[in-house]
Amino acid sequence: MDKPYKWTFWNREFSSPILLASGTAGFGIELMEQGFLSGAAAVISKATTLKPREGNPPPRIVETRFGLLNSIGLANPGVDEVLKTLLPQAACLPCPLIINVAGETVDDFPAVIERLEESPVPFGYEVNVSCPNVAAGGIAFGASPEIVERIASLVKRVSSRPFSVKLTPNEGSIVESAKAAEAGGADAVTICNTFLGMKMDWRTGRAPLKRNVGGYSSPALLPLTVARVFKTSEATKIPVLASGGVNRAEDILELLAAGAAMVQVGTWLMRRPDAARELREGMISLLKEPVRQ
Ligand SMILES: Cc1cc2nc3c(=O)[nH]c(=O)nc-3n(C[C@H](O)[C@H](O)[C@H](O)COP(=O)(O)O)c2cc1C
């Protein structure tokens, strides 16, 4: 008989440690309709902001030799529409939904979450502090431990649900910002968002992305994620949700061994929409192998 593999996260037991990363699974509705959520512990939604956002002008996704560059610009219909249309549809997902929240000001984060509290659907939140703080001239919120702590404590005040703070690898110190998120009352940290990258067409002297630079995601990021997960989990007591570079079952086991509580899969879903099931099955068969010393 199969050994019951279990992962506990935010006081709930899951038969998989796999979370579908924000921006790569919508609100899970299309994946559910195709039967592709069976191996996922939870879906993390596309970013939700206070007001609707059109996002950046196209082209906003470009492939590189070893991965993807995106500058979507947090396109989303805004919290009112999310509450009215998307959350009622997501109520029948076969797994919990975590809502990813973004903002342009510190106060946007608690404001969006206060609205989301009206819905019974969210299991928790992921607060994306990798986005630019308009009041600070566009530097990411996550670059400043003081601002991260402030956002976490404001969110804690309005939220009855657990939340993770998703940090950026591009500015500041991930470990210091993770400690600040914990001090502010966060229930987890997500390590981490995409790395700043750019592609250049040397023939035209132009970048294929309209905004020139974007977020880079690639299986080559895995060792960078492993290092950051390891250092963060040593420095904090809250669960670390790993995000970045996963496309094989071994990658998930490696991140768990480095200290992750749960592991997110993002870009790989665009190639393999059934990735959660495939990776979970692969992982379980690896766990069944006899241990070699
Ligand atoms: C097309 C695309 C859109 C994304 N949108 C968001 C987003 O809205 N909010 C967010 O926090 N992260 C967003 N991300 C980052 C992913 O959630 C994830 O952290 C990152 O891609 C690294 O994981 P991966 O290597 O498994 O893709 C996006 C990534 C991609 C590729």
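Taken together, the values in this text are just the output of simple stated rules run on the coordinates, not laboratory data. Please read these numbers as outputs of a predicted model, since none were measured by experiment. Positions of Cβ are generated from backbone atoms using ideal geometry, with glycine treated the same way; all protein chains shown enter the neighbour counts.
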Shape of the chain from its Cα gyration tensor (a ≥ b ≥ c, root eigenvalues): rounded if a/c is under 1.5, otherwise prolate when a/b > b/c, or oblate? rounded
With each pseudo-label sitting 7 Å past Cα toward Cβ, what's the Thr204-Ile29 distance in nm, one decimal? 3.4
State whether region 147-293 is rounded, prolate or oblate according to the following rule on the C-alpha gyration tensor (a ≥ b ≥ c being the square roots of its eigenvalues): a/c under 1.5 gives rounded; otherwise a/b larger than b/c gives prolate, and the remaining case gives oblate. oblate
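Sort 23-30, 83-90 for me by packing, meaning the mean count of neighbouring Cβ atoms within 10 Å per residue, highest on top. Numbers along the way, then the final one.
Details: 23-30: 20.5, 83-90: 16.4.
Ranked from most to least packed, the peptides come out as 23-30, 83-90.
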Taking only C-alpha pairs under 8 Å that are 6+ residues apart, what is the relative contact order of region 70-187 in percent? 24
If I take the Cα coordinates of region 99-215 and project them onto the principal axes, what are the three extents in Å, biggest first? 54, 30, 24
Flagged links, alpha-carbon separation over 32 Å, of Lys6/Lys179; Lys84/Lys179; Lys210/Lys231; Lys156/Lys288: Lys84/Lys179; Lys210/Lys231; Lys156/Lys288
Fewest-first ordering of Leu93, Leu19 by Cβ atoms within 10 Å yields Leu93, Leu19
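Tell me which trypsin sites (Lys or Arg not before Pro) from region 147-187 have a DSSP coil assignment and no more than 14 other beta carbons within 10 Å of their own.
Working: sites: Arg150, Lys156, Arg157, Lys166, Lys179; in loops: none.
Sparse-neighbourhood loop trypsin sites (Lys or Arg not before Pro): none present.
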Any residue on another chain or 5+ positions along whose placed amide H is under 5 Å from the amide H of Phe9 is listed here as Phe14
Distant-in-sequence amide H partners of Glu126 (H built 1.01 Å from N, under 5 Å): Ile99, Asn100, Val101, Ser164
How much FRET efficiency would the formula 1/(1 + (r/R0)^6) give for Thr8 and Glu118, where r is the Cβ-Cβ distance and R0 is 30 Å, rounded to 0.05? 0.60
Rank these for me by crowding, Thr64, Thr168, Thr194, going from fewest to most other beta carbons within 10 Å. Thr64, Thr168, Thr194
HN-Hα J in Hz across region 78-89 - Karplus 6.51, -1.76, 1.60, θ = phi - 60°, x for Gly and Pro: x, 5, 4, 5, 4, 5, 6, 10, 6, 5, x, 5
Convert each backbone phi in region 22-37 into a coupling constant with the Karplus relation 6.51 cos²θ - 1.76 cosθ + 1.60 (shift: θ = phi - 60°), then list the ³J(HN,Hα) values in order as whole Hz, x for Gly and Pro. 4, x, 10, 9, x, 10, x, 5, 5, 5, 4, 4, 8, x, 9, 10
Given H placed 1.01 Å from N in the peptide plane, which residues other than close sequence neighbours of Phe195 have an amide H under 5 Å from its amide H? Tyr216
Which of the aspartates and glutamates could be linked to Lys46 by a straight reach, that is with a Cα gap under 14 Å, when you skip same-chain ones fewer than 8 residues away? Glu30, Glu54, Glu81, Glu126
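Rank the residues Ser45, Ser160, Ser15 as a footprinting-exposure proxy: fewest other Cβ atoms within 10 Å of their Cβ go first.
Working: Ser45 26, Ser160 6, Ser15 13.
Neighbour counts put them in this order, fewest first: Ser160, Ser15, Ser45.
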Euclidean distance between Cα centres, region 97-119 to region 225-263, Å: 25
